Every structure is written in structure tokens, then in C-alpha cells.
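Presented below is the structure to which this report refers.
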Amino acid sequence: MSDRDYTVTGINGYRKANLTLAEAKALRKEIIEEMPVTGWHGEVRIFYRDGSEVKETP
């Protein structure tokens, strides 16, 4: 059984799947920190494989 059950979605259709929760949280943080530098605005979200969103503060 795999623990790679999470997907990160972001702006412009960005999507990265097959991540562990730790990888997904790290990627989300990295993207959020990079957004002001690139001038992008939007939400970066983490979803579990069943489609439910993982709620957390940035």
C-alpha cells in the first residue's frame, strides 16, 4: 500500500500528484513563497486521493 495519495493544485492549471503528505505540504509552502516573486496570485491546495481537500493554514 502506498502513502503517495496527495495532489497539489495551483494556478494556471498546475497539478502534481502521487505525493506523500509531507511532500505535498513542502511543495505547497515552496509555491506560496515563490508566488510574490513571480507576481502570481491564487490558491495552492492539497487534495487527498478521494477528492477531499486537506485544510491547513499557509
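What follows is calculated from the coordinates using simple rules that are stated; it is not laboratory data. Since the structure is predicted, the reported quantities are computational estimates derived from the model, not experimental observations. Counting neighbours? That spans all protein chains shown, and the Cβs are built from the backbone with ideal geometry, glycine included.
Some observations on this one:
- Our summary gives the chain a relative contact order of 37 percent, counting only alpha carbon pairs under 8 angstrom and 6 or more residues apart.
- Loop-located trypsin sites (Lys or Arg not before Pro) in the chain (DSSP state other than H, G, I, E, B) with a sparse environment of at most 10 neighbouring Cβ atoms within 10 Å: Lys55.
- Computed from Cα atoms, the angle from the helix 21-38 axis to the main principal axis of the chain rounds to 10 degrees.
- In a simple Cβ point-charge model (Lys, Arg +1; Asp, Glu -1; nothing else charged), the chain has a dipole of about 80 debye relative to its Cα centre.
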